[in-house]
Amino acid sequence: MPEMIVLVRHGKAEPRSVLVRDQARKLTAKGREVLEKNYPAVFADIAEAAGPVTVLSSAATRTMQTAEVV
């Protein structure tokens, strides 16, 4: 049973487009940069306080990319 649940919103994604399915939208370069700068330290602190971290994500491309950074 987890002692802590943390909800994370995905990073800044490409704009919506009729040419790209919503599930296929990727993170922007800036969105990934912000995640890579901030999230690893945050989750290291969480892991230190609460133990191992399990990451669950939807199948959307941008959320999987966010989970990779975490």
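Eigenvalues of the Cα gyration tensor times 5, then square-rooted: what semi-axes does that give for the chain, in whole angstrom, largest first?
Details: eigenvalues 134, 37, 10 Å².
Taking √(5λ) for each eigenvalue gives 26, 14, 7 Å, largest first.
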Checklist entry - Under 20 Å Cα-Cα from Lys12, which aspartates and glutamates qualify once same-chain neighbours fewer than 8 residues away are excluded? => result Asp22, Glu33, Glu36, Glu68
Item to check | Leading residue at positive end of dipole, the chain (Cβ point charges), from Met64, Val42, Val6 | outcome: Met64
Next on the checklist: Can you give me the C-alpha center-to-center distance between segment 1-43 and segment 49-70, rounded to a whole angstrom?
Outcome noted: 9
Next on the checklist: Run lengths n ≥ 4 of DSSP H only: what is the helix-derived mean residue ellipticity at 222 nm for the chain, with -39500 (n - 2.57) per run over all residues, to the nearest 500?
Outcome noted: -14500 deg cm²/dmol
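Between Glu36 and Leu56, what FRET efficiency comes out of the Förster formula 1/(1 + (r/R0)^6) with R0 = 30 Å and r the beta carbon distance, rounded to 0.05? If you can, show how the numbers build up before the last one.
On the way: r = 20 Å, r/R0 = 0.67.
Computed FRET efficiency for Leu56 and Glu36: 0.90.
In debye, nearest 20, what is the charge dipole magnitude of segment 17-70 about its Cα centre with +1 on Lys and Arg Cβ and -1 on Asp and Glu Cβ, if you could check?
360
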Checklist entry - For Leu19 and Ile46 in the same chain, what is the full-extension length gain: residue separation times 0.36 nm, less their Cα-Cα distance, in nm? => result 5.9 nm
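Read-outs: derived from the displayed coordinates by stated rules, not from any lab. Not measured: the values here are computed from a predicted model. Using ideal geometry, Cβ is built from the backbone for each residue, glycine included, and neighbour counts are taken over all protein chains shown.
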